[in-house]
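All remarks here apply to the structure that follows.
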Amino acid sequence: MSVTKKHVAPRCRVVIFSILLALLAIIAPGEALQAQQNDAALQQALAGLNVRSFKDKTAAVVALGELGDARAVVALEALTEGRLYGRKSDQTVVIADRDDRIYKLTDPVSGAALGEAGSRDIKKIVANNKLRGIIRGVLGQLALSSSDPGLRLAAVENVIASPTDGSLALLKRARDRETDVGIRAKLETGIATLELGADDITLRRAAVSRLADGNDPEIKSLLERRLLKNSDGSFVEPDDALRAAVQDAVDDINDRLALFGLAEDLIFGISLGSVLLLAAIGLAITFGVMGVINMAHGEMIMLGAYTTFVVQEIFRATMPAEAFGFYLLASIPAAFVVAAAFGILIERGCIRFLYGRPLETLLATWGVSLILQQMVRSIFGANNREVANPDWISGAISIGGGVSVTVNRVYIVVFALVVVAALAAFIRYSRFGLQMRAVTQNRGMASSMGIRTGQVDALTFALGSGIAGVAGVALSQISNVSPNLGQNFIVDSFMVVVFGGVGSLWGTIVGAFGLGIVNKFLEPVSGAILGKVVVLVIIILFIQKRPRGLFALKGRAAEG
Amino acid sequence: MKSGFKTIAAAGVLAGSLAFSGMAQAADTIKVGILHSLSGTMAISETALKDVMLFMIDEQNKKGGLLGKQLEAVVVDPASDWPLFAEKARELIEQHKVDVVFGNWTSVLPVFEELNGMLFYPVQYEGEESSRNIFYTGAAPNQQAIPAVEYLMSEEGGSVKRWVLAGTDYVYPRTTNKILESFLKAKGVPAEDIMINYTPFGHSDWQTIVSDIKSFASAGKKTAVVSTVNGDANVPFYKELGNQGIKAEDIPVVAFSVGEEELAGIDTGPLVGHLAAWNYFMSVDAPENEDLIKKWHAFIGDDKRVFNDPMEAHYIGFNMWAQAVEQAGTTNIDAVRQAMYGQEVPNLTGGIAVMNTNHHLSKPVLIGEIQDDGQFATVWETDGVVVGDAWSDFLPESAKLTADWTYPWVCGNCEKPKYVTN
């Protein structure tokens with residue numbers, strides 16, 4: 001249409017427009033009648049939703065789908081989103097959008113605003129999972145002819161996920177007019193899964209050969225079901241040759257899935273490793289470099305997570321909605337500063353009196369951790385706090401074979417590596433890093449060279465605490481933000497640092513990823529609980545062999 | 001009826017000399033012990049229970065107290081530490097001489113039995129227990145787990161054929177899953193369609209388990225997860241499910257320890273459609289419920305605070321105890337216990353809760369789906385009330401046991417009545 005428009009001269013356009021107007025005038029009465037009938041049908045189908053029984057609601061949903069009306073789509077979407085209500089006064093079905101305590105009502109038929117209502121005036125039309133599944137299928141069927149390829153692909157997936165009797169014909173029609181190669185392939189696969197049970201053997205054969213290249217566990221189980229026997233002892237798939245082909249296809253898919261399984265374990269291991277690394281990296285400074293057995297390390301992570309929550313609330317209150325997603329970036333420096341400030345406080349107020357007395361330090365920092373937990377509980381309450389995942393780190397990337405990587409975990413891996421690299425560079429190249437290394441290697445010598453060791457101690461502890469706070473920002477995205485957050489990570493953190501080698505950043509990195517990957521390869525075999533036990537036993541045995549961990553510091557530094 | 005109770009009450013008063021000394025102490029007020037953690041890991045669910053008890057006591061005092069006396073709350077903090085629970089329970093009964101205790105955690109059972117105290121326990125638990133000194137106002141497995149599974153099996157619930165029983169590794173999930181497993185097998189579910197998985201407390205890395213569930217669910221049969229995962233750890237589990245693209249329509253998760261209080265701190269958008277089975281939802285449209293929530297918000301001074309199932313259990317338990325005290329005319333433990341049996345209190349969701357002689361309540365069971373505002377929408381409920389079972393019918397060794405604390409049984413775990421003449 002848009003192509004032809006270009007060639008029409010402006011004057012002609014006026015003529016065409018007037019002809020159209022004239023045509024409209026002739027058709028209009030008939031159309032108005034048609035529209036009235038449509039409205040009535042829509043109204044009736046909508047009224048069918050406002051009932052108690054889910055069976056009746058299902059019938060109404062199917063009826064709405066058959067209307068093929070764009071307004072029906074809007075109403076069904078509202079139903080799945082929980083925005084469809086019944087008005088108590090006259091039992092009409094309305095779309096209600098909540099605005100604090102008031103609901104703004106819209107008529108789903110005319111689209112007109114119906115004023116406002118309180119929560120007592122309307123009653124939500126409840127959908128359950130089954131109904132939502134059916135609506136998904138119905139909406140999918142309607143959207144199969146959408147012009148947006150993204151919508152079309154989603155529609156195809158929805159129809160395949162909740163197929164009905166008419167789905168096969170519908171998919172075939174969609175395939176015939178589909179131009180996008182990817183969607184067409186998806187449609188072919190969908191049709192093949194439905195044709196696996198066809199009466200015609202050529203159709204079945206084609207379906208099997210089509211599905212044989214897949215690497216989806218669902219397709220595998222579909223094929224496997226063709227190999228079973230019916231209750232009367234005959235095979236589901238009567239043809240022997242085809243059954244052998246199905247068996248081959250299943251074996252092939254199994255081989256490919258085994259590879260995907262390995263890849264999945266590796267990815268999960270790296271992801272768990274990055275979480276361990278983030279949790280442990282601050283401890284690598286306070287415990288690894290300074291030798292302070294810091295039991296309050298987990299609480300620094302928790303403080304970072306709560307700082308994220310506070311920054312989020314500030315963003316929510318003061319910033320426009322578009323900027324909200326970036327609160328996470330703003331939280332990083334804020335969390336560092338807050339946790340570092342607490343770190344200085346703890347070091348100056350408590351730990352500095354206990355250097356060289358590890359047992360007392362352990363008990364004192366344990367006490368500090370309890371105080372911090374209760375402090376947070378008194379300020380923010382014992383409940384979890386909501387830290388939202390911004391849109392840009394939600395969702396997953398599918399890499400086939402039923403394996404998907406969630407986006408937030410990818411970010412956490414990258415973030416962990418960036419934090420470690422920045423920290424390593426800081427220690428290696430900055431003046432403060434040099435002083436820090438000097439003090440930890442030989443305190444007396446450093447002091448006599450004019451370095452204020454007390455100040456360096458405080459700042460080093462602050463650095464370790466601040467890094468833990470930054471880790472808290474990332475961990476708030478995958479864990480509960482509660483006063484107990486830190487306790488979940490303290491044991492793992494010590495495990496990583498001790499295993500990797502006290503005092504070595506490299507050791508911490510290798511230790512974290514090593515433990516993560518070993519854990520994830522063990523978990524499918526042994527279960528989560530036994531997996532943890534086995535990892536602990538491995539570490540204990542390893543420490544027997546190499547008491548100083550993977551990357552032991554050598555030379556005089558190690559003696560002190 | 002009433003005079004009958006009074007006779008028993010009088011006998012009880014004469015018998016219980018220990019309670020007598022307690023009465024003398026608390027001449028001007030009636031002391032109500034509150035044993036809920038206000039610090040530590042369990043504070044998340046228990047702080048609200050302490051608040052609701054203070055609210056109930058305040059309401060009762062406004063009505064003139066009990067037996068002409070004002071009620072006095074004695075609050076202690078067992079700090080989520082189970083040995084401390086026993087210690088604090090002893091402190092409440094021996095030092096503060098409280099007349100009744102409302103609190104959590106059944107490890108205090110020996111203390112209450114030894115000192116003849118009375119405890120109201122408002123949280124769902126694994127059953128397989130009935131003590132003379134405890135009234136269980138929370139749900140037993142047959143009032144929560146079994147109806148939830150039955151709902152999912154029904155056509156309306158999605159005709160689920162394959163089951164993942166996921167739990168935290170401790171006694172409540174292990175026992176509940178044992179009951180569920182034998183229930184499912186009795187319903188004809190083959191062993192290969194049941195997957196059981198346990199995780200440590202506070203488990204936060206759910207990647208492998210979610211991926212296992214995904215591949216378990218790809219067998220072409222409708223699959224559901226029955227989660228006895230402990231409160232908090234559910235949230236990262238749901239988040240991982242959502243992130244890996246599993247919607248409630250595909251694999252619904254029904255949980256028994258996720259309520260309004262636990263959802264209050266999280267973004268429930270990705271959780272919509274996952275289920276919970278409880279005896280109460282805050283969203284239920286009933287006049288009693290609305291009225292109480294209004295009063296609760298006025299008392300606590302914050303209209304964002306939620307009301308949940310264990311809080312309703314305390315509401316029912318407290319009102320039953322107050323009625324029993326009025327009828328017995330005393331706070332003597334033995335007398336009040338006798339008066340408790342058959343006590344009726346209207347549920348906030350409609351219907352009447354009754355205290356049975358096995359010390360468990362008859363309550364309705366509701367199944368709700370999580371909504372994006374952190375509330376539940378009821379999608380199914382039992383027709384009437386369900387009698388709480390102390391001993392599960394689905395475990396062979398406990399099916400033959402009976403709990404009944406009235407004559408002729410007078411026993412919490414007997415195969416035969418204690419007193420029988422023939």
Spacing of the two label points (7 Å from each Cα toward its C-beta) at A:E360 and A:R546, in nm: 3.5 nm
Fraction of the pair-distance distribution of the stretch A:160-238 above 20 Å, Cα-Cα pairs, percent: 34 percent
Check: chain B dipole with +1 on Lys, Arg Cβ and -1 on Asp, Glu Cβ, in debye: 1000 debye
Phi-based couplings in Hz for the stretch A:411-421 (Karplus 6.51, -1.76, 1.60; Gly and Pro marked x): 4, 5, 4, 4, 4, 4, 5, 5, 4, 5, 4
Computed over chain B: relative contact order in percent, which uses C-alpha pairs under 8 Å that are six or more apart: 18 percent
Distant-in-sequence amide H partners of B:T228 (H built 1.01 Å from N, under 5 Å): B:A166, B:G167, B:T168
The stretch A:456-560: Cα Rg divided by the 2.2 N^0.38 Å rule of thumb: 1.21
Qualifying trypsin sites (Lys or Arg not before Pro) in the stretch B:335-422, DSSP loop, other Cβ atoms within 10 Å at most 16: B:K400, B:K418
Inter-chain shielding of B:40-47 (mean C-beta neighbours from other protein chains, 10 Å cut-off): 5
Integer Hz, Karplus 6.51/-1.76/1.60 couplings in order for the stretch A:313-319, x for Gly and Pro: 5, 5, 4, 4, 7, 10, 9
Separation of alpha-carbon centers, the stretch B:389-422 and the stretch B:119-144, rounded to whole Å: 16 Å
Degrees between helix A:358-380 axis and first principal axis of chain A (Cα, 0 to 90, nearest 10): 40 degrees
Antiparallel bridge percentage (DSSP; both residues within chain B; nearest 5): 35 percent
Rough spin-label spacing in nm, given labels placed 7 Å along Cα→Cβ, for B:K416 and B:D303: 6.3 nm
Karplus 3J(HN,Hα) series, Hz, for the stretch A:87-99 with 6.51 cos²θ - 1.76 cosθ + 1.60 (x for Gly, Pro): 7, 6, 5, 10, 6, 7, 8, 10, 9, 10, 10, 7, 10
Cα-based reach from A:K104 at 19 Å (exclusive), listing lysines while leaving out same-chain residues under 8 positions away: A:K88, A:K123, A:K124
Computed [θ] at 222 nm, helices only, for chain A once each DSSP H run of length n ≥ 4 contributes -39500 (n - 2.57): -22500 deg cm²/dmol
Cβ-based exposure ranking for A:E77, B:E150, B:E114, in which fewest neighbours within 10 Å come first: B:E114, A:E77, B:E150
Angle in degrees between helix A:431-441 and the longest Cα principal axis of chain A, rounded to the nearest 10: 60 degrees
For B:I30, residues with placed amide H under 5 Å, excluding near neighbours: B:Q70, B:L71, B:E72
Estimated dipole of the stretch A:160-238 in Debye, rounded to 20 [Cβ of Lys and Arg +1, of Asp and Glu -1, Cα centre]: 100 debye
Per-peptide average of other Cβ atoms within 10 Å, ordering A:56-68, B:92-104, A:359-371 highest first: B:92-104, A:56-68, A:359-371
For B:M195, distant residues with modelled amide H under 5 Å away: B:W163, B:V164, B:L165
In degrees, nearest ten, helix A:505-526 long axis to first principal axis of chain A (Cα): 50 degrees
The stretch A:289-320 and the stretch A:78-133: distance between their alpha carbon centers, rounded to Å: 40 Å
Distance between the stretch B:155-215 and the stretch A:155-191 - C-alpha centres, whole angstrom: 34 Å
Distribution of pairwise C-alpha distances over the stretch B:100-216, 5 Å bins, in %: 2, 9, 17, 17, 17, 14, 10, 7, 5, 2, 0
For chain B, calculated [θ]222 nm from helices alone, where every DSSP H run of n ≥ 4 adds -39500 (n - 2.57): -11000 deg cm²/dmol
Ellipsoid semi-axes in whole angstrom, largest first, where each is sqrt(5λ) of the Cα gyration tensor of the protein assembly as shown: 49, 44, 30
Those lysines that a straight Cα-Cα span of less than 22 Å connects to A:K130, excepting residues fewer than 8 apart in one chain: A:K55, A:K57, B:K161, B:K187, B:K214, B:K221, B:K222, B:K239, B:K247
Projected label distance in nm at B:Q70 and A:A41, using a 7 Å step from Cα toward the beta-carbon: 7.2 nm
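Only the coordinates and a few stated rules stand behind these numbers; no lab work does. Keep in mind that what you see is a predicted model, and the values were worked out from it rather than measured. As a convention, Cβ positions derive from the backbone with ideal geometry for all residues, glycine included, and neighbour counts pool all protein chains shown.
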